[in-house]
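First, the structure itself, so that you have it in front of you.
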Amino acid sequence: MKIFSIFNFVFSFVGAGLIAGAIYLYVDKQAFLAKAETVQGTVTELVPKRSKESTTYSPVVSFTTKAGQTITHHSSISSSPPSYDVGEKVEVFYDPANPNKAEIKGFVSLWLGVLILGVVGTVFFLIGSLGVLFRWLKNKKTKNLRETGKPITAKFTQVQLNTSQTVNGRNPFQIYSQWQDPQTNELYVFKSDNIWFDPTEFVKTDTVRVFIDPENPAKYTMDISFLPVLKN
């Protein structure tokens, strides 16, 4: 179904965007740290941030720049339990040209945003790109079998729902057939790719064509080109 291709490309695109955001944020943080001054500050307040499930606390830090300017910094990072206590001394990075641009010295304050964007972006990108890669490899395998494989006539046995896959509450159909290798006397059962409509009425004969790898008949693709094309 086209929905799978759309799903894969959307996930890849979103993942790539998040990774790009993580890289941009990382470079921005590095540029900030390269020019930042370091002073000692004091946690003056813990601001509660309430949600339906919990309450987290964001520290407010007061510090004095080397130029003698007193700055109050409200951290954007909150946690439960609080990461700091009121009155606790902390190191603060600040931009000498813009002292209001400041960060508490610590991994969470400096790099949590980069880490979240990077991890989530990587997961999204891998889900999408692996789906695209899997589909490309499958299409390549099918094309190769059609071009170089051995065509055989297999006996049509049944049409069956593929209950292992569900999309929007629907299961695809698969055509089943079987073939006995005259050289080894082994019996092979072949399944078609997923079909998103009931193909029973379109199977007009007792046989279907299957392309197999002569060296390994377990590698195959069923020819279902006789079916109508489903328009979504």
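Where the second residue is modelled with pLDDT under 95 and the first is among the hydrophobic types (A, V, I, L, M, F, W, C) and lies in segment 72-91, which pairs have Cβ atoms under 6 Å and are six or more apart or on separate chains?
What qualifies is I77/V108; I77/S109.
Select, from I212, I224, the only residue that is touching a strand residue (DSSP E or B) at 6+ places or on another chain (Cβ under 8 Å), part of a loop (DSSP other than H, G, I, E, B) and surrounded by 12 or more Cβ atoms within 10 Å (Cβ to Cβ).
None of the other options fit; the residue is I224.
Filtering segment 36-56 down to residues that are modelled with pLDDT under 95 and open to solvent by 70 Å² or more (accessible area, probe 1.4 Å), which residue is nearest to S109 (Cα to Cα)?
K49
Just the residues that are farther than 13 Å from L115 by Cβ, of a type in the set (G, A, S) and out of contact with any Phe, Trp or Tyr (no Cβ under 8 Å at 6 or more places or on another chain), please, taken from segment 12-27.
Result: G17, A20.
Another one. Mind telling me which of the residues L137, L230, L133, L126 ends up being under 22 Å from N8 (Cα atoms), assigned to a loop (DSSP other than H, G, I, E, B) and of a type in the set (A, V, I, L, M)?
Answer to the selection: L230.
Specify which of the listed residues (T163, T157, T153) is assigned to a strand (DSSP E or B), farther than 14 Å from I224 by Cβ and open to solvent by 90 Å² or more (accessible area, probe 1.4 Å).
Going through T163, T157, T153 in turn, the sole match is T153.
Given the conditions (1) in a helix (DSSP H, G or I); (2) modelled with pLDDT of 95 or more; (3) surrounded by 12 or more Cβ atoms within 10 Å (Cβ to Cβ), and given that H73 satisfies all but one, which numbered condition is not satisfied?
Result: H73 passes all but (1).
Among (1) closer than 30 Å to F9 by Cα; (2) loosely packed, with under 12 Cβ neighbours inside 10 Å, there is one condition T148 misses while meeting the rest; what is its number?
It fails just one condition, (1).
So, one more: Please count how many residues of segment 152-184 are in contact with a strand residue (DSSP E or B) (Cβ under 8 Å, 6 or more places away or on another chain) and of a type in the set (K, R).
Final tally of qualifying residues: 1.
Report yes if T166 is farther than 23 Å from F11 by Cα and β-branched (V, I, T), otherwise no.
So T166 fails the test.
Here's another thing I want to ask about it. Could you list, in sequence order, all residues of segment 84-118 that are over 19 Å from V60 (Cβ atoms) and open to solvent by 80 Å² or more (accessible area, probe 1.4 Å)?
A97, F107, L115, I116
The values are calculated or read from the model by the stated rules, or taken from the named source; none is laboratory data. Since the model is a prediction, treat every value here as computed from it, not as a measurement. Virtual Cβ from ideal backbone geometry, glycine too; neighbours counted across all protein chains shown. These accessible areas exclude ligands, DNA and RNA; they are computed on the full protein's heavy atoms, side chains included. Shrake-Rupley method; radii C 1.70, N 1.55, O 1.52, S 1.80 Å.
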